[in-house]
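To start, the structure under review is shown below, and the notes come after it.
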Amino acid sequence: MTYRFAALATAAALLAAPVQAQDLSIATGGTGGVYFPYGGGLAEVINRHVDGATGSAEVTGASVENVALVSRGDSDLALALADTVYQAFHGEGAFEGRQVDEIRALASIYPNAVQIVTLADSGIESIDDLRGQRVSVGAPGSGTEVSAQTLLAANGITYDDFTPERLNFNETADALRDGDIAAGFWSVGPPTSSIMNLATTRDIRIVALTEDQIAAAIAAEPTFAPYTLRAGTYDGMDEGVLTISTPNVLIVHEDMDDDLAYNITRAMFENVEELIAIHPAANDTTIEFSIDSTPIPFHPGAMRYFEEVGATPQDHQRP
């Protein structure tokens, strides 16, 4: 009887002990873009609304690195550009010969606009004017560099035509401010803090794309879409600027628990106002945007949520 009571006491103690929450790592990007604050907001949503889980945002090299982190199990969730995600899933482009078909989507969360920034007095008014210049194309391994290369190559411009610098968003803004480069690429949800800060100390110009340049880019990369940066997005922007955009996708490994994936997806969409309070890019975090723009299959847990709310995923989005 003594042993029986001891066993019962041990079992009761175990039941009374708090359950260790699962700590989820969210791979984002540099601190000067949208990924890091958005990831931080998502971590807070998980902390508040997903029982048994906590989240933490991690600074990374962004899209390409983030796909690898999820694939290896070093991160549980990650933000990545749709073109990078599509290439990884299908083993194309930068991922030729190393297909990463174990990634799945929870949602597409907002569009990244390609923003080509120069100083107002630089004389650069089109992408053709980048020839012969020193230009930041984004951090090594970032989705910004993938988008920059694709856009430029589709319009007959290669790295041989200018001097490429691989700088992150904050480094690009600093280099523009100091006159070390002539222009820089951002592929990020507008407005982004590094460009906003630059525009408070220097007069800037956002280089517009023509309709023909956009059509050439879309022919090369179907995940691109036309996008107009609204007037007033940054100081000195008196008119809208035509460019291209790429959706951002929240990805996980296919092995994530179905209930956990479902609960994260539901918590994000049902508490999106908390994300909007962190960054206005989350205004585009909608079920409709996810269904319209996600280029790879959804995780079964996310699919369950979409079907519960009456959404109809596309054929290529089904697990």
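The values are calculated or read from the model by the stated rules, or taken from the named source; none is laboratory data. Because the structure is a prediction, the values reported are computed rather than measured. Don't worry about glycine lacking a Cβ; one is built from the backbone with ideal geometry, like all the others, and counts go over all protein chains shown.
Worth a mention:
- Of all residues in segment 156-185 being assigned to a loop (DSSP other than H, G, I, E, B) and in contact with a strand residue (DSSP E or B) (Cβ under 6 Å, 6 or more places away or on another chain), the one that is surrounded by the most Cβ atoms within 10 Å (Cβ to Cβ): L167
- Residue within segment 106-120 that is in contact with a helix residue (DSSP H, G or I) (Cβ under 9 Å, 6 or more places away or on another chain), assigned by TED's automatic domain parsing to the domain that holds P300 and farther than 24 Å from G240 by Cβ present: yes
- Scan of segment 22-72 for residues that are of a type in the set (S, T, Y) and more than 17 Å from A282 (Cβ to Cβ), ordered by number: S25, T31, T54, S56, T60, S63, S71
- Counting the residues of segment 303-314 that are among the basic types (K, R) and modelled with pLDDT under 95 gives 0.
- For segment 245-269, the set of residues classified as more than 13 Å from A107 (Cα to Cα), in contact (Cβ under 8 Å) with a residue 60 or more places away in the chain and out of contact with any helix residue (DSSP H, G or I) (no Cβ under 6 Å at 6 or more places or on another chain) consists of S245, E254, D255, M256, L260, listed by residue number.
- Close pairs (9 angstrom Cβ cut-off, 6 or more residues apart or separate chains): farther than 21 Å from H49 by Cβ in segment 275-293, among the hydrophobic types (A, V, I, L, M, F, W, C) anywhere: E288/A311; I291/F306; I291/A311; S293/A82; S293/A225; S293/V249
- All positions within segment 129-174 that are free of Cβ contacts under 8 Å to residues at least 12 places away in the same chain, more than 27 Å from T31 (Cα to Cα) and within 25 Å of the chain's Cα centre (by Cα): T158
- Segment 270-296, subset surrounded by 17 or more Cβ atoms within 10 Å (Cβ to Cβ) and small (G, A, S), residue nearest to H316 (Cα to Cα): S293
- Lone unmet requirement of (1) in contact (Cβ under 8 Å) with a residue 60 or more places away in the chain; (2) buried (at least 24 other Cβ atoms within 10 Å of the Cβ); (3) more than 30 Å from R202 (Cβ to Cβ) for V34: (3)
- Of the strands (runs of 3 or more DSSP E) that lie entirely inside segment 186-302, those containing 1 or more residues that are modelled with pLDDT of 95 or more and touching an Asp or Glu at 6+ places or on another chain (Cβ under 9 Å) span 204-206, 241-253.
- Of the residues making up segment 305-319, those that are surrounded by fewer than 17 Cβ atoms within 10 Å (Cβ to Cβ) and not aliphatic (A, V, I, L, M) are E307, E308, G310, T312, Q314, D315, H316, R318, P319.
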